[in-house]
Amino acid sequence: METKKMFIDGAWVESSSGNTFDSINPATGEVIATITEATVEDARLAVAAAKRSFYETREWRDMDAQTRGDVLLQIADRMDADREELARLDCIDMGKPLREAEADVDDAIHTFRYYSSLIKTPHGGVYEVNEGFGKMHSYTVHEPTGVCALITPWNYPLLMGVWKLAPALAAGNSVVYKPSSNCVLSSIRLFEIFESILPKGCANLVLGPGGTIGNELASNMDVDMVTFTGSTSVGQSIMRAAAGNVKKIGLELGGKSPNIIFADADLEGAVEWAMIGIFLNQGAICSAGSRILVEESFAEAFTKRLAERANAITIGNPLENPDMGAIVSESQMNKILGYIQKGVAEGATLVCGGERYTEGECAKGFFIRPTVFADCTNDMTIVREEIFGPVVTIQTFRTEQEAIELANSTEYGLAGAVYTKDGSRALRVIKELRAGITWINCYNPCFNEAPWGGYKKSGIGRELGVHGLEEYQEIKQININLNPGIVGWYEH
Ligand code: NAD
């Protein structure tokens, strides 16, 4: 099997150590690719290439925005032509159902198209300022930040990368991208597209473990910014590593988001959105609605219907489009099963699922049945910690105030939703949620145009939308004296 390479300074290269790691199809347990594994020295070479591209050759940075936008459109068009292959790669590498992988590729294409347009719209502003030092014209411009390191997780292998690559490149930065070692195949394919389109050195791909390569990128003094999507604990270590040269940072971290269901909600609708909230992508969604809070009088009917529908979910080979695919790796599967055991041990009632799924061909892969726990309380580990799998907890409340308090009783603040036919109540509750992404009577739709990110331990900054571009820009203030000559500040 040919070893898949990294892309540094416009060339496909192997690691200086010669080391490799395997990419495994989680639905079959089979090795599907061998990947070169970067050393810290390789990561430094990638940073040096990005630095040369940004500060010396400057081809990408100095390209006018219209031309740069057109280049991003070319990337989007090439991705469109390769849509099926990109989707298949995420499907076999990560385990998600094909239709979900296809939707991810479509979103990724649209992200490039969106930022190709956004970079051509006006930025900056003109300010009315006082005349203490004479008449001044004061305005701002947005400029690229410089060398940006982009580090992503495995749950949306292509899309999480593109959420960073598209705005960072649109803004004129040079980048070093490190995807999660669990799923690198679609990123490699994306850089094959970049190869013939982008100037040398402005986009570099390094592949390897986070503890060494990721840490090097976060601490490297020639990196001007590090943006990271992943777990809160790694996010904290990135903040510490970035302190050396006071890098700009962007952090999209974990969540334990509440899904609040009042008794007047539409039962079938609330159940289906709750399922989308926790079983999409096998529950590996940062914004997953992993804590269902349901009004006590509605809890029995809701729980019964949720269990019926969860039990009917089809599980199988992701390429054959089941409702749920495989868990990304054996270790992630075991981590989720460990949480399920803990839930039972701590006294939650297992309503459905709760075990590995091994029917037919699935016996060779890593599958878990959709799992619902009822009678949960705030002190339980499964209520407090992010499981990142198809496991949801149900708690009950009696009053609106109690629902809000339960919803906010988490260290995270990424997302949340409320279901009710009472519009005023829906708005009151959403206003009280300490979370960055919220929904009313639905869960999980995500739009390139709208900012994505969390409060509290769920992160710093926003991706997507206008904010997502500004994350990768510096703002410069320019003040022009309209009457050059003596000011008369000093009397002598
Ligand atoms: P992770 O934190 O283990 O790894 C994420 C990335 O960081 C990987 O590329 C990894 O190699 C790298 N990394 C690991 N240790 C590092 C270190 N010390 N320094 C620098 N980089 C390091 O996360 P994961 O298991 O890949 O993904 C799951 C997590 O991602 C969940 O917590 C989930 O909520 C979060 N997530 C958040 C969002 C969001 O938008 N807020 C989106 C998707 C996933």
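The values are calculated or read from the model by the stated rules, or taken from the named source; none is laboratory data. For clarity, every value in this text was computed on a predicted model and none was experimentally measured. Virtual Cβ from ideal backbone geometry, glycine too; neighbours counted across all protein chains shown. The area values use the complete protein model at the heavy-atom level, side chains included, leaving out ligands, DNA and RNA. Shrake-Rupley method; radii C 1.70, N 1.55, O 1.52, S 1.80 Å.
At a glance:
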quantity	calculated
Residues of the range 468-489 that turn out to be open to solvent by 30 Å² or more (accessible area, probe 1.4 Å) and either of a type in the set (Val, Ile, Thr) or within 13 Å of the ligand (Cβ to nearest atom) (or both), as a count	6
Unique match (being within 10 Å of the ligand (Cβ to nearest atom) and among the aliphatic types (A, V, I, L, M)) among LEU253, LEU280	LEU253
Residue list for the range 378-420, restricted to those being of a type outside the set (Lys, Arg), surrounded by fewer than 19 Cβ atoms within 10 Å (Cβ to Cβ) and within 16 Å of the ligand (Cβ to nearest atom)	THR381, GLU385, GLU411
Residues satisfying the stated conditions in the range 195-215, i.e. crowded, with 21+ Cβ neighbours inside 10 Å, at negative phi and more than 8 Å from the ligand (Cβ to nearest atom)	LEU198, CYS202, ALA203, ASN204, LEU205, VAL206, LEU207
Residues of the range 29-82 that turn out to be surrounded by fewer than 18 Cβ atoms within 10 Å (Cβ to Cβ) and polar (S, T, N, Q), as a count	5
Tally of residues being outside any strand (DSSP E or B) and more than 14 Å from the ligand (Cβ to nearest atom) across the range 168-185	7
Any hit, the range 89-96, residues being more than 17 Å from ARG189 (Cβ to Cβ) and within 14 Å of the ligand (Cβ to nearest atom)	yes
Residue check for PRO157: within 12 Å of the ligand (Cβ to nearest atom), within 19 Å of MET79 (Cα to Cα) and surrounded by 24 or more Cβ atoms within 10 Å (Cβ to Cβ)	yes
Within the range 421-438, considering residues that are without any contact (Cβ under 8 Å) to a residue 24 or more places away in the chain and open to solvent by less than 60 Å² (accessible area, probe 1.4 Å), the one nearest to the ligand (Cβ to nearest atom)	THR438
Wholly within the range 1-82, strands (runs of 3 or more DSSP E) carrying at least 3 residues that are aliphatic (A, V, I, L, M)	31-36
Every pair of residues 6+ apart whose Cβ atoms lie under 8 Å, when the first sits in the range 10-22 and is open to solvent by less than 50 Å² (accessible area, probe 1.4 Å) while the second is of a type in the set (S, T, N, Q) and at pLDDT 95 or above	VAL13/THR36; SER15/THR36; SER15/THR39; PHE21/THR34; PHE21/SER181
In the range 329-343, residue nearest to the ligand (Cβ to nearest atom) [restricted to those that are open to solvent by 80 Å² or more (accessible area, probe 1.4 Å) and free of Cβ contacts under 8 Å to residues at least 12 places away in the same chain]	SER331
Scope the range 228-286; condition among the aromatic types (Phe, Trp, Tyr), out of contact with any Ser or Thr (no Cβ under 9 Å at 6 or more places or on another chain) and open to solvent by less than 40 Å² (accessible area, probe 1.4 Å); matching residues	PHE279
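For (1) out of contact with any strand residue (DSSP E or B) (no Cβ under 6 Å at 6 or more places or on another chain); (2) within 12 Å of the ligand (Cβ to nearest atom), each residue gets a yes or a no:
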residue: MET225; (1), (2): no, no
residue: SER233; (1), (2): yes, yes
residue: GLU268; (1), (2): yes, no
residue: ALA274; (1), (2): no, no
